1. Would you mind getting the accessible area per residue of the chain, heavy atoms of the protein chains only, 1.4 Å probe, in Å²?
2. Sum -39500 (n - 2.57) across every DSSP H segment of at least 4 residues in the chain, then divide by the residue count to get the 222 nm mean residue ellipticity, nearest 500.
3. Stokes-Einstein at 20 °C, 1.002 mPa s, Kirkwood radius from Cα pairs: D for the stretch 25-120 in µm² s⁻¹?
4. About its Cα centre, what dipole magnitude does the stretch 41-133 give when the only charges are +1 on Lys and Arg Cβ and -1 on Asp and Glu Cβ, stated in debye to the nearest 20?
5. Using a 1.4 angstrom probe on heavy atoms only, work out the carbon and sulfur share of the accessible area of the chain in %.
6. Can I get the semi-axes of the stretch 41-94's equivalent ellipsoid? Compute them from the C-alpha gyration tensor as square roots of 5 times the eigenvalues, in angstrom, largest first.
Amino acid sequence: MEATSTSVSSFIDGVASPVRRRDAQTLVALMTRITGEQPAMWGPSIVGFGSYHYKYASGREGNAGAAAFSPRKGATTVYLPDGVDTYAEQLSRLGNHTTGAGCLYIKDLAKVDLDVLGGIIAESYRHVTAETPGSGTDPKDDS
């Protein structure tokens, strides 16, 4: 997947849920501060910051946002390409959330500790931008 020229602010303005829209604006500010990168659309619904190249043992490879989220209907998805298991201790202090193999699902950012979330995002961003391709969790395995 590659970054597109779609406007991030237009995408966020079009998010139907006021909570998801508010949370998306908060995450843009948080991830911009953490990564030092400007947001870009990756595909039709993922907001990413910076990029990294991945290559899985299966042979699947590509590029993705090094820090990214998507305001989905059921919850905002924060992508953790190095896997959620890395952050078990921090996640125990985060607040109301659920997880998949490489995804953190948050229904309302007002119900989580943004300092903890910021620390998780910062550490994940450092991992994927510093490690060799192939580290991380294949999103196809996230069931």
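1. On the way: 7150 Å² over 143 residues.
It amounts to 50 Å² per residue over the chain.
2. Working: 4 runs with 48 residues, N = 143.
Estimated from H runs of four or more residues: -10500 deg cm²/dmol.
3. Working: Rh = 13.8 Å.
Estimated diffusion coefficient is 155 µm²/s.
4. On the way: 8 positive and 9 negative charges, 75 e Å.
Approximately 360 debye in magnitude.
5. Working: 3620 of 7150 Å².
About 51 percent, which is the carbon plus sulfur part of the accessible surface.
6. Details: eigenvalues 83, 60, 20 Å².
With the √(5λ) rule applied to the stretch 41-94, the semi-axes are 20, 17, 10 Å.
The values are calculated or read from the model by the stated rules, or taken from the named source; none is laboratory data. Just so it is clear, the model here is predicted, and its values are computed rather than measured. Backbone-built Cβ (ideal geometry, glycine too); neighbour counts: all protein chains shown. With ligands, DNA and RNA removed, areas are computed over all heavy atoms of the protein, side chains included. Shrake-Rupley method; radii C 1.70, N 1.55, O 1.52, S 1.80 Å.
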